[in-house]
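Everything on this sheet refers to the single structure shown next.
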Amino acid sequence: MTANAHLLILHPRSLNIFKPSTTTINTFLLLHSSSLVSKTLKTCSLSSLSSNLTHNYFSNITQIPISPYHLRRGRRNHFSSVSSILNENGDGGRPGTISNPSLPPPIVEKIDVNPPKGTRDFPPEEMRFRTWLFNNFREVSRLFGFEEVDYPVLESEALYIRKAGEEIKDQLYGFEDRGNRRVALRPELTPSLARVVIQKGKSVALPIKWFAIGQCWRYERMTRGRRREHYQWNMDIIGVPEITNLFLPSSHFSRDLGLHHQMWDSKFPAERCKQLLQEVLQRYSVPEDLFSKVCVIIDKMEKIPMDEIKRELKLVGVSEDAIEQLLQVLTIKSLSELEEILGPSGDAVSDLKSLFLLADKFGYSDWIQFDASIVRGLAYYTGIVFEGFDRERKLRAICGGGRYDRLLSTFGGDDLPACGFGFGDAVIVELLKEKGLLPELSPQVENIVCSLDPELQGAASQVATILREKGQSVDLVLESKSLKWVFKRAARINAGRLILVGNSEWQKGMVVVKILDTGEQFDVKVDQLE
């Protein structure tokens, strides 16, 4: 055995410890002749090494961090000594690290920069609009005397199954957490509302008038105005048995945005119309268990051709005579026609007459119409329901709601009179775009502060602090920039004033203030800045 010492770096696959990132692997100091080392470096196989070498050749074992790059390089090149490898790090031979600044950086695969399908980013220009929209939601809620609440985005999966049935599972972003609990991202806000009302019990005074603006998730087919992630504005009243004009806040909101009744309407059916449908089906011996299926098909009337509606009704077992009678009932578009069928004393007619009378007094009668074809939420709504649409019917429903007096018992609570509506952000945005009613929202900063000398940066920071303590927004230029750059920056952020901190002015306790809209410029004492 010679006295020459060499480092043998085994092939990572031979050691069966290779990882795709920089790692610490076992390396062996082999005391043997240079010729044998050269030979084994070429083969670099554990089996071939074991046939030529014994454990007596291994005099020491140490750990050195080695990257995959060095493993490949070590397989191709002959290192004459341990120090030649350790010194390759370029830091004076500090043991335990191997690096080379001259080596090319590892190739990193570029990540997909698009958000998940059906979701959105909100960069500043989009966030400004979302803030504007939500502020309008909040202002209308305030005008109608509602308080804001919120709930967890993550809820028990059972909460939604209890309300909507097992079929909702296909639309949930549900999973099992580390505590083996089934949870889901909320697809709607109403079950959370019910949970909190039951939780509060009698500690909260009636009536409850709450609103929420929450992010909701639903895995479904996307269309125009329908996303898998959206925000929803909910307004709910718990504890009021009388008719509540739920369409009033939504109509008020739409009017404030510049929409009018020629662009928007709300369609109102009544619970008794559902009973009428049941009577028609019973007249033609259609089993009661088909009622829900029939209503699901009817709900597609404005989405698919009438021939397709008839075909689907026939497929579920409805006779042709029953189909014709049913579709005739669903074409009712006025209270007078409904009154002829149900009679003037029916609860449905009475409720709707009161509703339309109040709408006229509030000035919203042009915004609503009666429509017997709305059969949404059979297992949920118990009275009048409504949906809001654009008049041209180019979009899906913008909002919808109704009375749901049996909601709390669905979750094991005591029922209370309740009603509410949900208003999504996606469809209203589409309508506002189409009508050219989206506002132009640019960034708005009241002041931009800049020092004219690097040594005055601290003084500029002091000026910015004074203004911020007075409640004004300030963009402080932290770098040494030319005035040309500062003016461009001021225009980009839509600043109202430019405040310059210069040597001569600062020595007098003053700064230069320039009104950017008018170009007016004057000196102001720092302690008099407003």
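The values are calculated or read from the model by the stated rules, or taken from the named source; none is laboratory data. None of the values given here were measured: they were computed from a predicted structure. We place every Cβ from the backbone using ideal geometry, glycine too, and count neighbours over all the protein chains shown. Side chains included, ligands, DNA and RNA excluded: accessible areas come from the protein's heavy atoms. Shrake-Rupley method; radii C 1.70, N 1.55, O 1.52, S 1.80 Å.
Computed from backbone phi with θ = phi - 60° and the Karplus coefficients 6.51, -1.76 and 1.60, the 3J(HN,Hα) list for segment 132-143 is 4, 5, 5, 5, 5, 4, 5, 5, 5, 4, 5, 4 Hz; x is used for glycine and proline.
Considering segment 124-435, its Cα convex hull presents a mean projected area of 17.7 nm². The share of alpha-carbon pairs in segment 445-528 lying farther apart than 23 Å comes to 10%. Using a probe of 1.4 Å on the protein chains alone, the accessible area found for Met306 is around 80 Å².
Round to the nearest 0.05 the FRET efficiency obtained for Phe134 and Ser473 when R0 = 25 Å and r is the Cβ-Cβ distance. All intermediate terms of the calculation are to be shown ahead of the outcome.
Working: r = 20 Å, r/R0 = 0.78.
The pair Phe134/Ser473 has a calculated efficiency of 0.80.
Cα centroid separation, segment 212-244 to segment 136-174: 7 Å.
Could you sort the peptides 282-289, 226-233, 107-114 by per-residue average Cβ neighbour count (10 Å cutoff), highest mean leading?
Working: 282-289: 11.9, 226-233: 20.2, 107-114: 6.0.
With the highest mean Cβ count within 10 Å placed first, the list reads 226-233, 282-289, 107-114.
Amide H contacts of Met510 (H built 1.01 Å from N, in plane; Pro and chain starts excluded): Val526 sit under 5 Å, all sequence-distant by 5 or more or on other chains.
Among the listed pairs Lys333/Lys353; Lys163/Lys353; Lys209/Lys361; Lys484/Lys525; Lys470/Lys525; Lys169/Lys209, which are separated by more than 20 Å between their Cα atoms?
Numbers: Lys333/Lys353 14 Å; Lys163/Lys353 31 Å; Lys209/Lys361 23 Å; Lys484/Lys525 25 Å; Lys470/Lys525 15 Å; Lys169/Lys209 30 Å.
Flagged as over cut-off: Lys163/Lys353; Lys209/Lys361; Lys484/Lys525; Lys169/Lys209.
Summarising the strand pairing of segment 445-528, around 50 percent of its internal DSSP beta bridges are antiparallel.
Within the accessible area of segment 124-435, the carbon and sulfur atoms contribute 48%, probe 1.4 Å, all protein chains present.
In what sequence, highest mean first, do 491-503, 172-184 appear when ranked by Cβ atoms within 10 angstrom? Could you put the intermediate results ahead of the total?
Values: 491-503: 17.8, 172-184: 12.9.
Most protected by this proxy first, the peptides run 491-503, 172-184.
How about segment 393-502: which GluC sites (Glu not before Pro) there are in a DSSP loop, with at most 14 other Cβ atoms within 10 Å of their Cβ? The partial results should precede the final answer.
On the way: sites: Glu430, Glu434, Glu440, Glu446, Glu455, Glu469, Glu479; in loops: Glu440, Glu479.
Qualifying residues, ordered by number: Glu440, Glu479.
Near Val445, the amide H atoms lying under 5 Å from its own belong to Ala495, Gly496; only residues 5 or more places off or on other chains count, and H is placed 1.01 Å from N.
The accessible surface of segment 445-528, taken with every protein chain in place and a 1.4 Å probe, is 48 percent carbon and sulfur.
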